[in-house]
Amino acid sequence: MTIYLNALGMICSLGDTHTGIRQRLFAGNSGLHASKRPMSNDVARHVGSIALTDPELPSLEHLPLREHSRNNRVALAALAQIRSEVDALIARFGPDRIGIVLGTSTSGIAEGEVAFKHYVEQGAFPSHFHYGQQELGSPAAALATTLGVSGPAYVHSSACSSSAKAMASAARLINMGLCDAVISGGVDTLCDFTIAGFAALDSVSAERCNPLSANRQGINIGEGAALFLMTSEPATVTLCGWGESSDAHHISAPDPEGTGAILAIRQALQRAAITPEQIDYINLHGTATLQNDAMESKAIHQMFGAATPVSSTKSLTGHTLGAASAIEAGLCWLTMQDDNPTGILPPHLWDGQADPALPPLNVVAVGKALGRPPRYVLSNSFAFGGSNAALIFGRD
């Protein structure tokens, strides 16, 4: 069965509308900015934060306290963009035939940070805190309650591959006949815990991240949400292939040979029934860490050579962790629409100083276009613990 990506709701540091995001994306206008946060030890680090303020985000008054978090408010902001299409399918198929599969890594950790600070200072948790706000399944529960649907609703949390795995799971639910439509994607929001955690691993760059560069120093954390409405009903873009692997090489470092990454990509190509030569563009995981870029460059060069256009969009959006796969899928989706007739590709924003230790790749410059919309696009996601995922999108 062909799985179509019928609608997209997305919010990230590039904007909260298709037009705004596309304009900044193709112009290479980064959404990253320097910011000091409470656990940053007065170090200004670049982050990719959304522009909407808390008063502009949807209310959570209709939800129980355990579902109250900024993470869920951002998810509801993305849902609002596709709400009319979702409601139409609920009316058509029934609430039990609509599924929700999301990826996240933070959920309500930010609320926990505030609550535990209050506990240390006051000796008690604040009245507006519920421990369940931190549960990883909270975003799916919040969306299900908001929509009144009763189909499968759950969350994947495998770090940076979370929402790619969520989209693969959504496709399986449709293929198995368990759902007629699935809302799938991911959401993650900025919190001090994740920034401090990655900083402790010496993985955070104080400057804008610099993927593939000889000068790369690490990631920038971002935030946002991307939600797709997935069905078997025709639309412009399909999820035509996905692959997943778990090489378990190391708790945080990737397998330097890229064995698991290559396996996931090969599975995706096989499921899509296409060859590497048919891929028009590759959205790299491209974290700008020393080890990830070395591994991924090796894997891509081995499978695709140096001709296929590639870019990492994390220097535009930041690394949105559990939402990264879905947001990058959203950027690919926007690139493949009919209103991009010349096939302008997402650019690779960096200093242009290629690391000579890495295999050569065809890095996309700002304004580069195929001359037609991309036919097939590959998007990679590689997470801690060797949790690898690859998605292939096609124009039907």
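The values are calculated or read from the model by the stated rules, or taken from the named source; none is laboratory data. All of these numbers come straight from a predicted model, not from anything done at the bench. Cβ: placed from backbone, ideal geometry, glycine included. Neighbour counts: every protein chain shown. Surface accessibility is based on the protein's heavy atoms, side chains included, excluding ligands, DNA and RNA. Shrake-Rupley method; radii C 1.70, N 1.55, O 1.52, S 1.80 Å.
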Checklist entry - How many residues are buried (at least 17 other Cβ atoms within 10 Å of the Cβ) and small (Gly, Ala, Ser) when one looks only at region 236-272? => result 9
Checklist entry - How many residues are open to solvent by 10 Å² or more (accessible area, probe 1.4 Å), touching a residue at least 40 places away in the same chain (Cβ under 8 Å) and closer than 25 Å to Ala51 by Cα when one looks only at region 66-75? => result 3
Next on the checklist: Looking at region 367-379, I want the residues that are assigned to a loop (DSSP other than H, G, I, E, B) and have a partner that is among the charged types (D, E, K, R) and open to solvent by less than 30 Å² (accessible area, probe 1.4 Å) with Cβ atoms under 7 Å, at least 6 apart or on another chain. Which pairs are those?
Outcome noted: Leu370/Asp280; Pro374/Asp280; Arg375/Asp280
Checklist entry - So is Ala27 farther than 26 Å from Leu136 by Cα and open to solvent by 50 Å² or more (accessible area, probe 1.4 Å) or not? => result yes
Next on the checklist: When the residues of region 170-195 are narrowed to those that are touching a helix residue (DSSP H, G or I) at 6+ places or on another chain (Cβ under 8 Å) and open to solvent by 30 Å² or more (accessible area, probe 1.4 Å), which ends up farthest from Gly286 (Cα to Cα)?
Outcome noted: Asp180
Checklist outcome for this item: Reported set for region 114-152 where residues are among the polar types (S, T, N, Q), buried (at least 16 other Cβ atoms within 10 Å of the Cβ) and touching an Asp or Glu at 6+ places or on another chain (Cβ under 6 Å) is Gln133, Ser138
Next on the checklist: Condition (residue is without any contact (Cβ under 8 Å) to a residue 60 or more places away in the chain, more than 30 Å from Ala206 (Cα to Cα), out of contact with any Asp or Glu (no Cβ under 9 Å at 6 or more places or on another chain) and of a type in the set (Lys, Arg)) applied to region 251-269: is it met by at least one residue?
Outcome noted: yes
Checklist outcome for this item: Residue pairs qualifying under the 8 Å Cβ cut-off, at least six apart or on distinct chains, with the first in region 329-348 being under 23 Å from Gly241 (Cα atoms) and the second being of a type in the set (Val, Ile, Thr) and open to solvent by 30 Å² or more (accessible area, probe 1.4 Å), are Thr335/Ile344; Met336/Thr236; Gln337/Thr236; Asp338/Thr236
Checklist entry - Restricted to region 47-57, and to residues that are more than 16 Å from Gln133 (Cβ to Cβ) and touching a helix residue (DSSP H, G or I) at 6+ places or on another chain (Cβ under 9 Å), which residue is most open to solvent (accessible area, probe 1.4 Å)? => result Glu56
Checklist entry - Out of region 91-113, which residues are part of a helix (DSSP H, G or I), of a type outside the set (D, E, K, R) and surrounded by 18 or more Cβ atoms within 10 Å (Cβ to Cβ)? => result Ile109, Ala110, Gly112
